[in-house]
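Bear in mind that the values in this text are calculations on the coordinates, not laboratory data. Small disclaimer: the values here were computed from a predicted structure and weren't measured. Virtual Cβ from ideal backbone geometry, glycine too; neighbours counted across all protein chains shown.
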Amino acid sequence: MKRLDPRKLALGAAAPLVAILVSLLLTSVILLAAGDPVGAVWAQFFKAPLPRQIIAIVNEATVLYLSAIAVAIGFKMNLFNIGVDGQYRVASFAAAVFAGQHWLPGWLNIIVSLIVAILSGAIWAGIAGFLKVGRGVSEVISTIMLNYIATYLVAYLLKGAAVKVEGSNATSTAIIKEDSRVPGISLDGIIATPNKLYGLIVLAILVGFLYWFVLSKTRFGFDLRATGRSETAAVASGVKVKRMVLLSMVISGGAAGLVGMPLLFGQDYAYGDTVQSGLGFAGIAVALLGRNHPVGIAFAALLWGYLNQLSNGLQIGAGVSDRLVLIIQGIIVLSVVIAYELSRRAGLRLEQNRVAAELAAQRAKQQPKEVAA
Amino acid sequence: MAVELHGITKRFPGVVANKDIELSVRRGTVHAIVGENGAGKSTLMKILYGVQQPDEGTIAVNGQQLTLKSPTDAIKAGIGMVFQHFMLADNLTVRENVVLGAEKLHGIGDAASAEIRRISDAYGLDVEPDDLVADLGVGARQRIEILKVLYRGAKILILDEPTAVLVPQEVTELFNNLRELKAEGLTVMFISHKLDEVLSVADDITVIRRGTTVAEVDPKTVNARQLAELMVGSALPSPQTEESTVTDRPVLTIQGVDLAGGAGRRKVLDGIDLTIHAGEIVGIAGVEGNGQAELVEVIMGMREPTSGQVFLEGTDISDWQVREIREAGVGYIPEDRHRHGLLLESPLWENRILGHQTQAPNVKGQLIDAKSAKADTERIVKDYDVRTPSIHVTAGSLSGGNQQKLIIGREMSHAPKVLVAAHPTRGVDVGAQSSIWDLIKTARRNGLAVLLISADLEELVGLSDTIRVILRGKLSGAFDPDTVTREELGSAMTGAAGAASAAGAGTTRHTDSTSDGGTP
Amino acid sequence: MRQVMKMAVAATVASLALAACGSSSTGTPAATGGSTGGAASGIKVGMAYDVGGRGDQSFNDAAAAGLDKAAKELGVTSKEASATTGEAESAREERLQQLIDAGYTNIVAVGFAYAKSVGKVAKANPNVKFAIVDDASPDSTGANIENITFAEHEGSFLVGAAAALKSKSGHIGFIGGVEVDLIKKFAAGYMAGAKAVNPAIVIDVKYLTQPPDFSGFGSVDKGKAAAEGMYQAGADVIYQAAGGSGGGVFTAAKAAGKMAIGVDSDQAKTAAADVRDVIITSMLKKVDVGVYDFIKSVKDGAFKAGVKVFDLKSGGVDYSTTGGKVDDIKAKLDGYKADIISGKVVVPSK
């Protein structure tokens, strides 16, 4: 038997495709029921994105990717870090305040700010990890609570840290000066748009690579995956599960801390009340959709970014509510979760059948007389 | 005929299912269904109890053809099932447990109590409705389970491996109950692979092998050996102790180990003293739940003893972590391999790494050395005869015996000094069983100190150099497997026959070693 | 099975999160295209609303009213689109750009969140005329941008004075939707007005949510709970600057038999009929006037870039008298109004 079983691969790819098809079908039903123009909607959907839209989609996917990786680190351990949202906001704020002080010059300021973000996210998530390990508090509950606390804590601190800009009603931290900004990556010559990709897309790719490398190539990653697959077996194999829970929560939070960085250094140059929000929750959906796989998540993040980007076209081009995008996203997540579980079961059954069949064939070859008997 | 099954076929992936089952059960008899583990007995019974539906074939109860879609249908048809694992709430009384889910029959009050007493008297079950289940022993709990089924009006009872959890004296009691049920006109279907028991109680015996019925025999005309050979389809293996390889070099020494229970409970382990020498197999007998699992957890470092020490070749390892203990050379065959020994959804080569994540050939520094681990998995598959098409299939797709051989191969690949084997042949087929026995004997020959925990007395007697019995967290004195009888062990396991069998109970560690040394 | 359950939990949380994003922007009908009326003028207006869009009974609706008036009287055609909660900066830029691409070359961006995107898109489209409501920051300054701002603190001063004059307990309240600078401006003016009448007055101030949680502008229940608390604590007049949450404040006032003050539009006319009688006055922030004036200036060829402040003097903010509840103190209020206009009284904005 080969390592990459084509049937298993096909099954793996079929699940999300089927789920997306089902979602499109269900959405059409909803459109028909609401009396909206199905044709115009799908025309908007399948229109090739303009160059500037491609940039927007990839940029959106970049932050979603980081968020989904943070969520996936927890998922791999059977830990549900619902708190990526709070973690990244705390971290973005801390990094924005730090970077805005310009205690360090240029790139050094950026690098140390990134470390500040990682640490803040890690500490925030570490609270939930500590509560779980020390007090047995479910990480689902504690991270949701910490999201609320993060909201109010950041709002409170932002009041103190805010820098007033004459004529503006927005509240935000000090603007990071030119020398500590990460320049965008221009795709000039490939597609025609002055817009640029976030320079920190490189960071997202690096995080994705590290995620893959640590999980599949290191002892630590093995212990982490083993704990996720079977906590009891991991304990018996010598994994200190409590330590793993705390560590993976901290690492997940550290990754979450980076979510806002492409925005901070590549677009907003400050943290305030108009920065993109809700990325942590979207990350959960993207991680589910991408099956916690570093490449799968990349595709899922692009799909998510693509769908988000549609909300304007649907309103302006097709004249339907942008809420349709939320409906489709919701349906896709649910269909995908169902499809994955079904295909996982089907895959296991397929393999068991094949093992039984191959062994039977082997036996028949080795002991032809037993068949006769 | 109470039950007639005709041409029952049930297909499952990867396991022996049922194929063309033919079975006729006469009313008012005890009908035994025997077969080795994994032969398809339990699947068949689940089909009869409506838990699973057959792909082909017909079921007739009292001459009437039925389709059983759920246990509710089966109960309506007068079929009741007593599962191997009891489903009783400890903190409720017998009456509350019995009426739970059947409140409509006789209410939940005095009428129910009266009905429970009536059934108990009619069949000699000796069940008192107001007793708290927590206070009752295993035998009594089983009788409650039987009563629960009778209370719901069952005329046909299915008992799935009812004796697995009982000691010999309780088995005798159970069989007396079954005879009473039979005398009252009820039909009992009795699943077992313990042939002596089957022969003593059954009126008819149906043998299942590889998912199909191969013979119906009369217990008066066969002996246990013939029956066993029918089950296996070939000559029967049995564990045979070889010449003693016991040395006087202690490898694993346990001194005065206590493990506290929950608040207000008695100790789970109570003054355990045990020495295992190089080349020695010490067998631990006992009814499940008397501290065997905890003893293993203490040795493996999953729990720290409340007091006392564990020494590995003279080094105190009582407060070491699991990983350190495994690295120091303690191999572990866990009682429940699915929960503690394998990652069922991971490929075999990753399972080969499990438990040895820090050791060559699995790792190089902090990195997993997948190439070497895979090569070594191929070696284990070959050397230990793990039947698998590839090392890339998930562990869950292998049969139990092959999973166990993989675990043993893995544990033996790191030059262990001690092997802790908990129920090493539970749930594996006969072929794999004898090769696992051989592997354990090889380990002993190679000078390992082996702790063997088993519920199978035959296995213990056949493999061990010394047998100790564990009861309520305490170890009895040493028994010589060559001379001990099943009754002696049974008495020690229940603590029933006090003084006689507990003769060696006061022996110290010192006398242990002398008696061990003296066991040829 | 455990795995399935956990997946289900995760999926539920994810979808709840999505639903939460959706719910804070409720009640908008699908954006409508091309409303024409009167003589077609050839002027095409693209409206980019803030979260909530047309139908929020508050800020966005005020802007929409200006557009509707322009459609009727000036015969312009329009296209509308609204923001999604927590959207990316690029989504705002994209919205403006798509409106332009569709030929709607006079853009009204409603809300300060559009500051940067208006600045950027305006630069890329020098021939398109823009108006942004509530922002005059350097981000949104440009040769083709009109910054429509309001002196909310001046209008709030007047209703603050009205509250203090009407209060019998010497104890009044302020409920802001979200604690952002803009809303704090309302509070500052309100408090100054109240204290000008009665320096010893007790003023409770509460904001329903903190950014980035903007649900305080759309949660009737939160508004109601906060108002109930204040009325029980002894306040007898509450001024709400809480968008859609304001309805809850009125309900609480009705139940407690106390008074309330509306915001943005003349809420004694627009609020639910059964609570109108508790609204003694409203602070009028005439976003509709700002929007209409912009469109008219474009049509007349009189567009002028830069900040346009709608204050008491220009009539862009004011207090309302519908219902006659402040008729008795009208003279006093108009006195303050004159003082502010003349510069005799300077109202603090924070």
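Here is how the numbers come out for the structure above:
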item: Positive-end extreme of charge dipole, the protein assembly as shown - chosen from B:H340, A:V202, B:L199 (charges on Cβ); result: A:V202
item: Cross-link pairs C:K185/C:K325; C:K308/C:K344; B:K69/B:K148; C:K206/C:K285; A:K132/B:K371 - those with Cα-Cα distance over 30 Å; result: A:K132/B:K371
item: Separation in nanometres of the label points that stand 7 Å from Cα toward Cβ, at C:A338 and B:M87; result: 8.9 nm
item: Sequence-distant residues sharing a close amide H with A:N169 (under 5 Å, placed H); result: C:A136
item: Sites A:F299 and B:K371, calculated FRET efficiency, Cβ-Cβ separation with R0 30 Å, nearest 0.05; result: 0.55
item: Computed over region B:3-232, Kirkwood Rh from alpha-carbon pairs, angstrom; result: 18.0 Å
item: Share, in percent, of DSSP beta bridges within the protein assembly as shown that are antiparallel, nearest 5; result: 40 percent
item: Burial order of peptide ranges C:142-148, B:88-94 (average beta-carbon count within 10 Å, highest first); result: C:142-148, B:88-94
item: Relative contact order (%) - region A:37-319, alpha-carbon pairs under 8 angstrom, separation at least six; result: 39 percent
item: Considering only region B:3-232, percent of DSSP beta bridges that pair antiparallel, nearest 5; result: 55 percent
item: Diffusion coefficient, µm² s⁻¹, Stokes-Einstein with Kirkwood Rh over alpha-carbon pairs of the protein assembly as shown at 4 °C and 1.567 mPa s; result: 36 µm²/s
item: Above-threshold pairs, the threshold being 25 Å between Cα atoms, out of C:K116/C:K313; B:K41/B:K405; A:K242/B:K417; result: C:K116/C:K313; A:K242/B:K417
item: By average C-beta atoms within 10 angstrom, highest first, the peptides B:472-478, A:86-92; result: A:86-92, B:472-478
item: Residue order, fewest to most beta carbons within 10 Å, for B:S397, B:S435; result: B:S435, B:S397
item: Average beta-carbon neighbours from other chains, 10 Å sphere, peptide A:278-290; result: 4
item: Dipole in debye (nearest 20) - the protein assembly as shown, about Cα centre, beta carbon charges: Lys, Arg +1; Asp, Glu -1; result: 3340 debye
item: Relative contact order computed over chain B (Cα-Cα under 8 Å; 6+ residues apart), in percent; result: 15 percent
item: Cα-centred dipole magnitude for region A:228-313, charges only on beta-carbon of K, R (+1) and D, E (-1), debye, nearest 20; result: 500 debye
item: For B:S307, residues with placed amide H under 5 Å, excluding near neighbours; result: B:D258
item: Fewest-first sequence of B:I254, B:I467 by Cβ atoms within 10 Å of each Cβ; result: B:I254, B:I467
item: For region A:37-319, with +1 on Lys and Arg beta carbons and -1 on Asp and Glu, the positive-most of A:A117, A:A285, A:M244 along the dipole; result: A:M244
item: Exercise: per-residue mean of other protein chain Cβ atoms within 10 Å, B:321-334; result: 2
item: For chain A: rounded, prolate or oblate by the Cα gyration tensor [a/c cutoff 1.5]; result: oblate
item: Average beta carbon contacts from partner chains per residue of C:101-108, 10 Å cutoff; result: 1
item: For chain C, share of DSSP beta bridges that run antiparallel, in % to the nearest 5; result: 10 percent
item: Theoretical FRET efficiency, 1/(1+(r/R0)^6), r = Cβ-Cβ of A:I175 and A:W103, R0 22 Å, to 0.05; result: 0.90
item: Degrees between helix B:168-183 axis and first principal axis of chain B (Cα, 0 to 90, nearest 10); result: 10 degrees
item: FRET efficiency, B:A164 to B:R339 (Cβ-Cβ, R0 25 Å, nearest 0.05); result: 0.85
item: Peptides C:60-71, C:289-300 ordered by average Cβ neighbours within 10 Å, highest first; result: C:60-71, C:289-300
item: Greater than 30 Å apart at Cα, pairs in C:K44/C:K286; B:K76/B:K220; A:K177/A:K217; C:K166/C:K350; C:K330/C:K350; result: B:K76/B:K220; A:K177/A:K217
item: Farthest toward positive dipole pole in chain A [+1 Lys/Arg, -1 Asp/Glu at C-beta], among A:A94, A:P105, A:M77; result: A:M77
item: Under-5 Å amide H pairs with A:Y271, H placed in peptide plane, nonlocal only; result: A:T173
item: Value of [θ]222 nm, deg cm²/dmol, for the protein assembly as shown, DSSP H segments ≥ 4, -39500 (n - 2.57) each, nearest 500; result: -15000 deg cm²/dmol
item: Extension gain (nm, one decimal) between B:E327 and B:E304, 0.36 nm per residue minus Cα-Cα; result: 6.5 nm
item: Residue-span extension gain [A:L21 to A:I205] - 0.36 nm each, minus C-alpha spacing; result: 63.4 nm
item: Residues B:F311, C:F174, C:F150, sorted so that the one with the fewest Cβ neighbours within 10 Å comes first; result: B:F311, C:F150, C:F174
item: Only Lys, Arg (+1) and Asp, Glu (-1) charged, at Cβ; region B:3-232 dipole about Cα centre in debye; result: 700 debye
item: Relative contact order [Cα under 8 Å, 6+ residues apart], chain C, whole percent; result: 17 percent
item: Virtual paramagnetic centre 7 Å along Cα→Cβ of C:A143, amide N under 14 Å, in region C:96-126; result: C:122-126
